[in-house]
Amino acid sequence: MDVTVKNVRKEFGDFPALHDVSLDIRSGELIALLGPSGSGKTTLLRLIAGLDFPTEGAIYFGEDDASLKSVQERNIGFVFQHYALFRHMTVLDNVGFGLKVRKGRNRPAKPDIEKRARDLLEFVQLRGLEKRYPNQLSGGQRQRVALARALAIEPKVLLLDEPFGALDAQVRKELRRWLREVHESTGHTTVFVTHDQEEALELADRVVVMSQGRIEQVGKPDEVYDRPNSPTVFSFIGESSKLPVSINRGQVYFADRPLGLDAQGSADGEAELFFRPHDIEIVEDAGVAIVGIVAASRRTAGTRQVELEVGGAKERVEIEIPVDHPATAQTRIAFRPKRWSVFPSR
Ligand code: ADP
Ligand code: MG
């Protein structure tokens, strides 16, 4: 099911939680809404679910305006971080619940509900736990049951709001891979909310980066990582260093020194240069480079992260250099970013 979010604005009182948000979610894709806490991810998900309504704009399921459909008619599967299972029901009954509460002809016969619930537990690799109660499960197992319950109704759209947020890092990683496999075998249209960039980049077909109630960028994981379209996305996703620079006739200058970076097409004036610490090359010719003094350095697994003071110690940037580089405190290093962006100062 394609889902189209069209010029949606959502206000709580007079606080705008979403400003003019538009998004096309394609049938069968796994899309991640990624952004810091408070950026509007849950609000957008609740609007898609029909648990709340837009102040302005509309949401379409296929060609149909979803505002004319009830929550039941939208046939949505949910998994929320704290959407607890029913404590007094066994795992099997939890999974069958959505089918059991259906009305009239839409409700499958009891043995069919049980069969479907068993098949789903098998599918989420929890066979043998049918008779347990939620408090007899680990956190990761509970979220798998929650997913099985969401899938039981054969949802047109699956909505997951930080489903692994409360689990420890190792379990999160496992469930993330597992969810990707589940998605590939069921092919549901899935919207996954997270504030964890690693989770979003690893899991999603496309990532929607949100900030302060707006969509900053939509793209494949590689696109948002390699070609962030704004300072916000650059700072939020991955490691980044930035320097205040100026642009003059397509050349980038830092403290009146040309950096040898060709910025044809960028407007003249003050700007910010962004680059990733690992996307740099150390150069011999300090005349056309960024030059800094090592202020701090720390060894990570395969490389050395170095903090450099540049421009007479006014600015600090981080770069990554080979472990065998002889730099120590106070060493002078000249480098040039290999991949970078400039954005006009705001
Ligand atoms: P996220 O899920 O990205 O952390 P939310 O969508 O929950 O963000 O919230 C976005 C903004 O809207 C926040 O500033 C939050 O305080 C506000 N907000 C969310 N729900 C309500 C509500 N029911 N009433 C008032 N403000 C709300
Ligand atoms: Mg949220």
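The values are calculated or read from the model by the stated rules, or taken from the named source; none is laboratory data. Keep in mind that what you see is a predicted model, and the values were worked out from it rather than measured. We place every Cβ from the backbone using ideal geometry, glycine too, and count neighbours over all the protein chains shown. Only protein heavy atoms, including side chains, enter the accessible area calculation; ligands, DNA and RNA are left aside. Shrake-Rupley method; radii C 1.70, N 1.55, O 1.52, S 1.80 Å.
Criterion applied to Glu174, Glu181, Glu130, Glu199 was being within 16 Å of ligand 1 (Cβ to nearest atom) and not in a strand (DSSP E or B), and the one residue passing it is Glu199. If you filter segment 16-37 down to residues that are open to solvent by 40 Å² or more (accessible area, probe 1.4 Å) and in contact with a strand residue (DSSP E or B) (Cβ under 9 Å, 6 or more places away or on another chain), you find that the one that is farthest from Val3 (Cα to Cα) is Pro36.
The residues of segment 29-57 that are away from ligand 2 (no atom under 16 Å from the Cβ) and either at pLDDT below 95 or not small (Gly, Ala, Ser) (or both), listed by number, are Glu29, Leu30, Gly50, Phe53, Pro54, Thr55, Glu56. Could you go through segment 227-235 and let me know if any residue there is of a type in the set (S, T, N, Q) and touching a Pro at 6+ places or on another chain (Cβ under 8 Å). No, the conditions are met nowhere in segment 227-235. Does segment 253-267 contain at least one residue that is within 16 Å of ligand 2 (Cβ to nearest atom), surrounded by 17 or more Cβ atoms within 10 Å (Cβ to Cβ) and among the aromatic types (Phe, Trp, Tyr)? Looking through segment 253-267, none of the residues is within 16 Å of ligand 2 (Cβ to nearest atom), surrounded by 17 or more Cβ atoms within 10 Å (Cβ to Cβ) and among the aromatic types (Phe, Trp, Tyr).
Within segment 228-241, not a single residue is open to solvent by 60 Å² or more (accessible area, probe 1.4 Å) and either closer than 23 Å to Met1 by Cα or of a type in the set (Lys, Arg) (or both).
The set of residues from segment 197-216 being in contact with a helix residue (DSSP H, G or I) (Cβ under 7 Å, 6 or more places away or on another chain) and under 17 Å from Ser27 (Cα atoms) comprises Leu203, Ala204, Val207. If we keep just the residues of segment 179-206 that are within 16 Å of ligand 2 (Cβ to nearest atom) and among the hydrophobic types (A, V, I, L, M, F, W, C), which is nearest to Asp279 (Cα to Cα)? The qualifying residue nearest to Asp279 (Cα to Cα) is Ala200. Examine segment 218-226 for a residue that is closer than 14 Å to Leu34 by Cβ, surrounded by 16 or more Cβ atoms within 10 Å (Cβ to Cβ), modelled with pLDDT under 95 and in contact with a helix residue (DSSP H, G or I) (Cβ under 8 Å, 6 or more places away or on another chain), and state whether such a residue exists. Within segment 218-226, one or more residues are closer than 14 Å to Leu34 by Cβ, surrounded by 16 or more Cβ atoms within 10 Å (Cβ to Cβ), modelled with pLDDT under 95 and in contact with a helix residue (DSSP H, G or I) (Cβ under 8 Å, 6 or more places away or on another chain).
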